[in-house]
Structures are given as C-alpha cells and as structure tokens.
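Reading through the structure tokens given below for one structure.
The values are calculated or read from the model by the stated rules, or taken from the named source; none is laboratory data. Given the structure is predicted, the values throughout are model-derived calculations rather than measurements. Note: ideal-geometry Cβ built from the backbone for every residue, glycine included; neighbour counts use all protein chains shown.
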Ligand code: TXA
Ligand code: MG
C-alpha cells in the first residue's frame, strides 16, 4: 500500500469527503495543521486510536492531543476553567494545547488519554478544523512521524516516513508554524508550561497577565510531553552552540552568526538569514531532514536566541542532540 495524496487546494470538499470516509472506517489519516502534520483518527474509537500507536510505534503511556473544531465543541469534552477559557478565546484556532479535566462519559476513549483524568485539547487552524467540523467528532492526532523521529512539516515528509503504512495523506503545503503546539495546564499560581511550542511564553503572559511557570524537572507522571530526553532526532548526531564547522558536517546557521571553517562543511543552511525566530521555527524540521538526507557526518547548529519561539526551537534542538537511548 502506498498512500494516496490529495491536495486541499485542488478540492477542499473532495479532501474532506475522502478523509471522512477513511476516518469512518477506523483508520488514521495524515492531515495538515499549522504546527506540524498530524496522524489523525477518531478519538472515540479504540481501534482507530490503537492504529495511531501502532503506525507510529509510540509507547501507549504517552497520551494524544484531541483536536476540536472550535471552543464550543471543546466544552462538550472537558471542564474549562476561566483562565483556560481566556487562553482558548485568545489563541484558538492556533498552536496552543490546554490540559483540562476530562468530562466523564464524554466519549473520548481512555486509549487517547492513556487513562488519565485529563485531556489535551487544541483547535487547529485551517483545513483540519473544517474536517473536524464535518466529521463531528474529535480527532486524536500526534505528529505524523515514527515515534522519536523529526516531526513532519510537509506531506512529502509524511509520505517518506509513513507512506507505506497509510491510505491517505492530505497535503496542505508547508506547515507555517513548523514546531508543535505549546502545551499548558492552568493552576492556581499561573500557567504551567509543559512543552514550549508555537505560542511563546511572552504571548501567554501578555494575554492573561499571569506568570508562566516552567517545570524544573520532568514529573514522574506524564506531564512532560515529548519528554523522553531523546526525541525529534535525526539520524545524524547533532551538536549545539557551534561556532566552527568540521569537515563533512551540515551547519544550520541563524542570521549572521559567524561560523569558522564553513568551507569544510558539506551543507550550509540558514534557518533565517534575517534572524527571524518564526522563520527559523518554520524551517527547523525540514532542514534537519535535509541534513540527514545529505548523509553528513553530523549536524552543527549555531546558538539560537532563547526568547519568543526560540524557547521551542531550543527545546527541540536539545532533544535532537540528547544521547540516544
Ligand atoms: O502541534 C501539535 O501539538 C501536534 C499537532 C498534530 O497538533 N501534535 C503533537 O502531538 O505534537 P504529540 O502526540 O506528538 O504530542 C502531544 C503531547 C504528548 O507528548 C503528551 O505527553 C502530551 O501531549 N499530552 C497529551 N495529553 C496529555 C495530558 N492529559 N497530560 C499531559 N500531557 C499530555
Ligand atoms: Mg510528536
């Protein structure tokens, strides 16, 4: 089997009809979202969810984000406190996932939440929320990649990794944000940041006036998403804060940060020549994959500023660089 690819702009209605048909049969479909491509299946059907875990080779203790068409739909499945409500109104549709108490008997299957009493909800931007509205049920969707690998930001990435295991990939062009959603849980003392992502901590604070609290160490329960130290990993080894290139390496530059010995590098890619962190986030996973495809001896990355989307970029890079287990 090799996946059929339908481009959303060719015919949005056809793409929705075909995706609905596959979802109704309990099978996953790869869908474009503004962050990364998702491997979506009906969050109410246990067999469909099982197929997500199998297709990705994902550990089943790691819960999935459930995607909603809008805030009204989200309210049917979770208890939304006032601050989470404010965040949802401000950032949805968009790259923010809220961890919320699950409403009992709401229909989301416990396989999607890995048995937790909470659920991660997000309303994605664009075509995928139209699909969810048309389908009428929440879609559980992790990133559409083999577990532990770099997340896909194009339909081509999905096809290369999972094309043989899927029936249908919906192509919505390059994912504009390029890193996964920010995951937060609202507590009495502020907004707990479980995973930095497409909404910056500064923007969360500005929208609510509340402090963003970073986790000092991963908690023993599944609070910490993407959380295994080694994750988002290309095949080549990755080294960070590089100021010089070694022979045969790929070098990921940023702005005009200077790198010695660039002429020895096998490949040089600039995440953002104008030093724009949004552009760098959008290019990050694609460039890691390009470096891998070029069979380089390793990937060297220059220092990336830590503000705004830089926090999410540095989070993914440090996992890509972590010792492999
Ligand atoms: O941008 C995104 O978030 C993408 C697109 C497809 O929406 N999805 C994504 O899913 O990144 P995934 O499965 O790769 O990451 C979801 C993370 C998991 O690491 C999981 O630990 C965390 O969300 N998560 C889900 N439900 C949770 C819960 N109830 N409590 C704590 N963490 C949760
Ligand atoms: Mg993922």
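Taken over region 112-151, the criterion of being at pLDDT 95 or above, within 16 Å of ligand 2 (Cβ to nearest atom), within 26 Å of residue 74 (Cβ to Cβ) and out of contact with any strand residue (DSSP E or B) (no Cβ under 7 Å at 6 or more places or on another chain) is satisfied by 145 alone.
Among the residues examined, residue 51 qualifies as over 20 Å from residue 208 (Cα atoms) and more than 15 Å from ligand 2 (Cβ to nearest atom). Take region 85-105 and flag every residue that is surrounded by fewer than 17 Cβ atoms within 10 Å (Cβ to Cβ) and either farther than 20 Å from residue 201 by Cβ or near ligand 1 (Cβ under 8 Å from one of its atoms) (or both). Selection gives 101, 103, 104, 105. Could you list all residues from region 186-207 that are more than 21 Å from residue 314 (Cα to Cα) and in contact with a strand residue (DSSP E or B) (Cβ under 7 Å, 6 or more places away or on another chain)? Correct list: 189, 190.
When 199, 186, 177 are checked against the criterion of being near ligand 1 (Cβ under 10 Å from one of its atoms) and touching a helix residue (DSSP H, G or I) at 6+ places or on another chain (Cβ under 7 Å), a single residue qualifies: 177. Here residue 118 meets each of (1) surrounded by fewer than 17 Cβ atoms within 10 Å (Cβ to Cβ); (2) farther than 17 Å from residue 33 by Cα with one exception, condition (1). Among the helices (runs of 4 or more DSSP H) confined to region 1-96, the ones with at least 1 residues that are over 19 Å from residue 113 (Cα atoms) and touching a residue at least 60 places away in the same chain (Cβ under 8 Å) are located at 12-24, 82-91.
Say we look at region 225-241 and pick out the residues that are within 13 Å of ligand 1 (Cβ to nearest atom) and on the phi > 0 side of the Ramachandran plot; which of these is modelled with the highest pLDDT? By that ranking, first place goes to 232. The residue list 158, 177, 184 contains one member that is within 16 Å of ligand 2 (Cβ to nearest atom) and surrounded by 24 or more Cβ atoms within 10 Å (Cβ to Cβ), which is 158.
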